[in-house]
Amino acid sequence: MEISAKELQEKINNGEKIIVDFHGLWCGPCKMMMPIYEKVAKNNETNVQMYTMDIDKNRDYVMSIGVRSVPTIKLFSDKKVSDTVVGVMGEDRIKSLVNNLITG
């Protein structure tokens with residue numbers, strides 16, 4: 001479920017529908033949200049791909065796409081960022097992001 005900067009950029013360039021949770025291992029709110037995000041990702045049966053990215057392992061890339069705080073979820077579609085949401089989210093909110101990406 002963890003994705004590298006190179007892999008993510010390839011998927012973006014291919015126009016794939018992707019949701020990425022940018023997090024830090026030291027981040028308390030990220031730790032709270034991670035099991036919720038993982039549950040939604042595990043049960044996701046859509047064509048939307050869900051990944052996580054450790055900001056400390058991909059610092060330059062993360063900064064280049066505008067992640068300034070964590071947790072941040074970015075949605076990618078049609079080779080670009082389609083939405084950015086910052087802060088802890090519950091299961092329903094994460095599911096609605098998946099649905100928005102499908103219908104958006």
Exercise. Filter region 1-38 for residues that are in contact with a helix residue (DSSP H, G or I) (Cβ under 8 Å, 6 or more places away or on another chain) and aromatic (Phe, Trp, Tyr); which is farthest from Gln49 (Cα to Cα)?
Worked result: Phe22
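Val40: closer than 15 Å to Leu97 by Cβ, of a type in the set (A, V, I, L, M), at pLDDT 95 or above and not in a helix (DSSP H, G or I), yes or no? Reasoning before the result, please.
Numbers: closer than 15 Å to Leu97 by Cβ: yes; of a type in the set (A, V, I, L, M): yes; at pLDDT 95 or above: yes; not in a helix (DSSP H, G or I): no.
No: the conditions fail for Val40.
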Problem set entry | Candidate set: region 76-97, residues that are within 10 Å of Ile18 (Cα to Cα) and hydrophobic (A, V, I, L, M, F, W, C); chosen: the one surrounded by the fewest Cβ atoms within 10 Å (Cβ to Cβ) | Val81
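Determine whether Val62 is assigned to a helix (DSSP H, G or I) and either modelled with pLDDT of 95 or more or crowded, with 20+ Cβ neighbours inside 10 Å (or both). Before the answer, list the steps.
On the way: assigned to a helix (DSSP H, G or I): yes; either modelled with pLDDT of 95 or more or crowded, with 20+ Cβ neighbours inside 10 Å (or both): yes.
Yes.
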Problem set entry | Boolean, Thr52 is assigned to a strand (DSSP E or B) and within 16 Å of Gly24 (Cα to Cα) | yes
For this session: For Ile73, work out the one condition from (1) in a helix (DSSP H, G or I); (2) within 11 Å of the chain's Cα centre (by Cα); (3) hydrophobic (A, V, I, L, M, F, W, C) it doesn't fulfil.
Result: (1)
Exercise. Out of the residues in region 39-59 that are in contact with a helix residue (DSSP H, G or I) (Cβ under 8 Å, 6 or more places away or on another chain) and of a type in the set (A, V, I, L, M, F, W, C), which is surrounded by the most Cβ atoms within 10 Å (Cβ to Cβ)?
Worked result: Met53
Problem set entry | Selection from region 83-104 of residues that are at pLDDT 95 or above, of a type in the set (Gly, Ala, Ser) and farther than 16 Å from Pro29 by Cα | Ser96
Problem set entry | Test for Ile12: is it in contact (Cβ under 8 Å) with a residue 60 or more places away in the chain, in a helix (DSSP H, G or I) and closer than 16 Å to Val81 by Cα | yes
For this session: Answer with yes or no whether Val98 is part of a strand (DSSP E or B) and either on the phi > 0 side of the Ramachandran plot or not small (Gly, Ala, Ser) (or both).
Result: no
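The values are calculated or read from the model by the stated rules, or taken from the named source; none is laboratory data. The structure presented is a predicted model; accordingly, all values stated were derived computationally and were not measured. Using ideal geometry, Cβ is built from the backbone for each residue, glycine included, and neighbour counts are taken over all protein chains shown.
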